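Q: Just dropping this structure here.
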Amino acid sequence: MEYLKRIADRELELRLEAFGAVQIKGPKWCGKTTTAEMHANSVIKMQDPDTREGYLAAARTKPSLLLKGETPRLIDEWQVAPILWDAVRNAVDERQAKGQFILTGSTVIDDSEILHTGTGRISRMSMYPMSLYESRESNGKISLKELFDNKGLDIDGTGSDISIEELIFMACRGGWPASLHDMSDTARLLIAKDYVDIVCSDDISKVDKTQRNPALARLIIRSYARNLCTLAKKTSMLADISAEMEGTSMKTFDDYISALKKLFVIEDIPAWCPAIRSATVIRSGDKRCFTDPSIAAAAIGTSPQNLELDLKTFGFIFECLCIRDLKAYSQALGGKVSYYHDRYGLEADAVLHLDDGRYALIECKLGSRDIEEGARHLIELTDLIKEKNRTGIQMQLRLPDLLIVLTGGNMAYTREDGVKVIPIGCLKD
């Protein structure tokens, strides 16, 4: 199958130019190894059953043996032998050369398993499931980077050909590269379902060699899916789970959540807490989110056909899709995604911060009827920041550089109040 270029390709090239080694982290099946192979001149796969035992023996006795080969040398699933991290760091120091190694892995390991963080030698980058632009479904007529660089960019009339029905299918299918192979739509939907099955039955126990109950893992993922993109408290999710599996403690719940985060299944969104209201007013808990919207659809056992009749539920899944794409598109700009919500109901579904201080307030609204509400929230939040700057004696807060409502609609335009309404099917990096 043709390799579809990833946004991560450019970032990997840049980091290989600047550092001795690069670690690519992210969920399994998101394409880390395939992308890394496009940039590597030699490859060693630690989980290859034909060579695994030999590799592990070498790692125990003399790990530097596994580092020999043309560079950049890819070490796939390096965390199988954590000592390789320190071996790579040492090799980078000795060789005094850039672009020596690429490390890929689908789990986070405990820092106690490595001796040195690798700072200055091993650069870390994240990779996500494919955005709609990477899967060639967004036409990419509106660039997020260009919007930040040119606030007056004319987007009026820019159109997307993606229908709501197609968007629902894309969210349920997810951004897994394997789901883009030549197969039936029914087969494409099985990828995400199988992903959830394997996480629950195998990966959640293998991640840190701790036996866990697959049924409980599935209940926890399902509870997360039911509370997707909300500020649901852990106590309420635990109550939901305990209704079906009595005796589940908060300690056990936290343990499973930690394992799912190590596997990059769960990726909660932190709160943005600017000094514009009392700290007791602004919600500071994490927003519940998955690394890909298809995980939620698979976990609750829904289908595109069911979601076409339940657009309220799909609205939350749509927000998860938008957050996934925003993370991918802003990667080269050092983008970080948070959210804003206060007890007065003022909110921004996403706050996209760039590493140079610029930021955008973003609402995700599936249909045209909700655009007005989303735009009003963004204007009110901007006005609140202006008022705080006018009356406050503390450090002035930067005003948002962009106000955006991302929609599942078909036409982009700029409102009279300056809010840009953009179909997710038009956006790119």
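Q: For the range 160-170, indicate whether the set of residues that are touching a strand residue (DSSP E or B) at 6+ places or on another chain (Cβ under 6 Å) and at pLDDT 95 or above is non-empty.
A: Step one: filter the range 160-170 for residues touching a strand residue (DSSP E or B) at 6+ places or on another chain (Cβ under 6 Å), giving 160.
Okay, now just the ones that are also at pLDDT 95 or above, so 160.
Yes, there is a match, as at least one residue in the range 160-170 is touching a strand residue (DSSP E or B) at 6+ places or on another chain (Cβ under 6 Å) and at pLDDT 95 or above.
Q: Of the residues that sit in the range 366-398 and are open to solvent by 70 Å² or more (accessible area, probe 1.4 Å) and hydrophobic (A, V, I, L, M, F, W, C), which one is nearest to Phe314 (Cα to Cα)?
A: Only one residue fits best here, namely Met395.
Q: For the list (1) assigned to a helix (DSSP H, G or I); (2) closer than 27 Å to Lys312 by Cβ; (3) at pLDDT 95 or above, I need the number of the one condition that Asp240 fails.
A: Only one criterion is unmet by Asp240, namely (3).
Q: What pairs come out if I take residues in the range 203-226 that are over 19 Å from Leu238 (Cβ atoms) and in contact (Cβ under 8 Å) with a residue 60 or more places away in the chain and pair them with residues that are open to solvent by less than 20 Å² (accessible area, probe 1.4 Å) and outside any helix (DSSP H, G or I) whose C-beta lies under 7 Å away, six or more apart or interchain?
A: Between residues of the range 203-226 that are over 19 Å from Leu238 (Cβ atoms) and in contact (Cβ under 8 Å) with a residue 60 or more places away in the chain and residues that are open to solvent by less than 20 Å² (accessible area, probe 1.4 Å) and outside any helix (DSSP H, G or I), the close pairs are Asp203/Leu263; Val207/Leu263.
Q: Kindly indicate the residue of the range 137-159 that is among the aliphatic types (A, V, I, L, M) and at pLDDT 95 or above and also farthest from Phe290 (Cα to Cα) among those meeting that condition.
A: Ile155
Q: Has the range 31-52 got at least one residue that is touching a His at 6+ places or on another chain (Cβ under 7 Å), open to solvent by 30 Å² or more (accessible area, probe 1.4 Å), on the phi < 0 side of the Ramachandran plot and not in a loop (DSSP other than H, G, I, E, B)?
A: For the range 31-52, residues touching a His at 6+ places or on another chain (Cβ under 7 Å), open to solvent by 30 Å² or more (accessible area, probe 1.4 Å), on the phi < 0 side of the Ramachandran plot and not in a loop (DSSP other than H, G, I, E, B): absent.
Q: Only one of Glu308, Glu363 is open to solvent by 10 Å² or more (accessible area, probe 1.4 Å) and either farther than 30 Å from Ser123 by Cα or in contact with a strand residue (DSSP E or B) (Cβ under 7 Å, 6 or more places away or on another chain) (or both). Can you tell me which?
A: Glu308
Q: If you don't mind, there's one more thing I want to ask. Could you look through the range 1-36, keep only residues that are under 17 Å from the mean Cα position of the chain (by Cα) and of a type in the set (Asp, Glu), and pick out the one that is nearest to Ser126 (Cα to Cα)?
A: If we take residues in the range 1-36 being under 17 Å from the mean Cα position of the chain (by Cα) and of a type in the set (Asp, Glu), then Glu11 is nearest to Ser126 (Cα to Cα).
Q: Read through the list (1) more than 30 Å from Tyr359 (Cα to Cα); (2) open to solvent by 30 Å² or more (accessible area, probe 1.4 Å); (3) assigned to a strand (DSSP E or B), then give the number of the only condition that Leu103 fails.
A: Against the list (1) more than 30 Å from Tyr359 (Cα to Cα); (2) open to solvent by 30 Å² or more (accessible area, probe 1.4 Å); (3) assigned to a strand (DSSP E or B), Leu103 comes up short only on (2).
Q: So the check is Cβ under 8 Å with 6+ separation or different chains; which pairs have a first residue in the range 238-249 that's in contact (Cβ under 8 Å) with a residue 60 or more places away in the chain and open to solvent by less than 80 Å² (accessible area, probe 1.4 Å) and a second one that's assigned to a loop (DSSP other than H, G, I, E, B) and among the charged types (D, E, K, R)?
A: none
Q: Still on this structure: Does the range 326-336 include one or more residues that are farther than 30 Å from Tyr195 by Cβ, in contact with an Asp or Glu (Cβ under 7 Å, 6 or more places away or on another chain) and of a type outside the set (Val, Ile, Thr)?
A: Our first condition is that a residue be farther than 30 Å from Tyr195 by Cβ; within the range 326-336, this holds for none.
No: the range 326-336 contains no residue that is farther than 30 Å from Tyr195 by Cβ, in contact with an Asp or Glu (Cβ under 7 Å, 6 or more places away or on another chain) and of a type outside the set (Val, Ile, Thr).
Q: For the range 250-276, what are the residues that are surrounded by 15 or more Cβ atoms within 10 Å (Cβ to Cβ), touching a residue at least 60 places away in the same chain (Cβ under 8 Å), under 19 Å from the mean Cα position of the chain (by Cα) and assigned to a loop (DSSP other than H, G, I, E, B)?
A: Leu263, Phe264, Val265, Trp272 - these are the residues of the range 250-276 that are surrounded by 15 or more Cβ atoms within 10 Å (Cβ to Cβ), touching a residue at least 60 places away in the same chain (Cβ under 8 Å), under 19 Å from the mean Cα position of the chain (by Cα) and assigned to a loop (DSSP other than H, G, I, E, B).
The values are calculated or read from the model by the stated rules, or taken from the named source; none is laboratory data. Keep in mind that this is a model prediction, so the values were computed, not measured. Don't worry about glycine lacking a Cβ; one is built from the backbone with ideal geometry, like all the others, and counts go over all protein chains shown. Side chains are part of the model used for accessible areas, which takes the heavy atoms of the whole protein and leaves out ligands, DNA and RNA. Shrake-Rupley method; radii C 1.70, N 1.55, O 1.52, S 1.80 Å.
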